[in-house]
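The values are calculated or read from the model by the stated rules, or taken from the named source; none is laboratory data. If you're wondering where the values come from, they're calculated on a predicted model, not measured in any experiment. All Cβ positions, even for glycine, are placed from backbone atoms using ideal geometry, and neighbour counts span all protein chains on display.
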Amino acid sequence: MKLEIEIGGQTREVAIEAGEAPGLWRALIDGEAVEADARLLRPGVLSLLIDGCSHRVVLDADSADPTLHLGARRIPYTVEDPRSLRFRRRHAGAEGPAVIKASMPGRVARVLVEKGQAVAAHQGVVVIEAMKMQNELKSPKEGRVADLRVAPGDTVASGDVLAVIE
């Protein structure tokens with residue numbers, strides 16, 4: 001499992017995998033390997049044994065500002081899964097072309113831009129009608145419409161490329 005964790009104001013890439021025995025875990029934190037024996041004492045409370053040092057960790061994940069309690073230290077944190085929509089939107093490629101694909105089969109109801117037109121991030125580009133509902137597909141970044149591959153009335157399949165933003 002790969003995650004992006006912001007802890008104490010610093011963002012770290014973390015990959016976690018199960019070790020050879022129950023409770024043993026191997027993590028790569030910014031490329032550095034760490035092995036830990038982790039036990040769940042009760043929901044939200046972990047006992048960690050790392051390099052012979054014991055740590056009691058309390059996760060306060062339900063509050064508006066998630067906090068990790070490590071001894072007397074309170075450390076704010078956020079966890080983002082690269083597979084999540086929010087992560088992908090936040091990390092939409094600032095460099096290189098961005099492809100807008102049909103998320104479902106349907107009919108193109110409206111095209112809101114023209115080829116060559118400048119667009120803002122999250123500006124509507126194409127409206128797809130599927131199952132009597134209209135879904136506006138938006139530009140993932142600021143740029144210019146480099147390619148527009150559909151017109152109103154076209155039928156599209158899931159995954160078809162509708163437009164390219166550069």
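A compact table of results
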item: Scan of the range 56-65 for residues that are loosely packed, with under 14 Cβ neighbours inside 10 Å and either under 18 Å from Asp37 (Cβ atoms) or out of contact with any strand residue (DSSP E or B) (no Cβ under 6 Å at 6 or more places or on another chain) (or both), ordered by number; result: Arg56, Ala61, Asp62, Ser63, Ala64
item: Residues within the range 23-37 that are surrounded by 10 or more Cβ atoms within 10 Å (Cβ to Cβ) and either touching a residue at least 24 places away in the same chain (Cβ under 8 Å) or of a type in the set (A, V, I, L, M, F, W, C) (or both), tallied; result: 7
item: Residue satisfying all of: in the range 123-132; in contact with a strand residue (DSSP E or B) (Cβ under 9 Å, 6 or more places away or on another chain) and closer than 19 Å to Arg107 by Cα; surrounded by the most Cβ atoms within 10 Å (Cβ to Cβ) among these; result: Val126
item: Residues satisfying the stated conditions in the range 106-121, i.e. at pLDDT 90 or above and either in a loop (DSSP other than H, G, I, E, B) or within 18 Å of Gly96 (Cβ to Cβ) (or both); result: Leu112, Val113, Glu114, Lys115, Gly116, Gln117, Ala118, Val119, Ala120
item: Residues of the range 100-143 satisfying the condition of being under 16 Å from Gly159 (Cα atoms) and in contact with a Gly (Cβ under 6 Å, 6 or more places away or on another chain); result: Lys101, Ile128, Glu129, Ala130, Glu136, Lys138
item: Criterion: modelled with pLDDT of 80 or more and either surrounded by 15 or more Cβ atoms within 10 Å (Cβ to Cβ) or outside any strand (DSSP E or B) (or both) - qualifying residue of Leu48, Leu40, Leu68; result: Leu48
item: Matching entry among Glu13, Glu17, Glu35 (being modelled with pLDDT of 90 or more and in a strand (DSSP E or B)); result: Glu35
item: Total residues in the range 71-80, condition of a type in the set (A, V, I, L, M) and either in a strand (DSSP E or B) or at pLDDT below 80 (or both); result: 2
item: Selection count where residues are assigned to a loop (DSSP other than H, G, I, E, B) and under 24 Å from the mean Cα position of the chain (by Cα), scope the range 137-159; result: 6
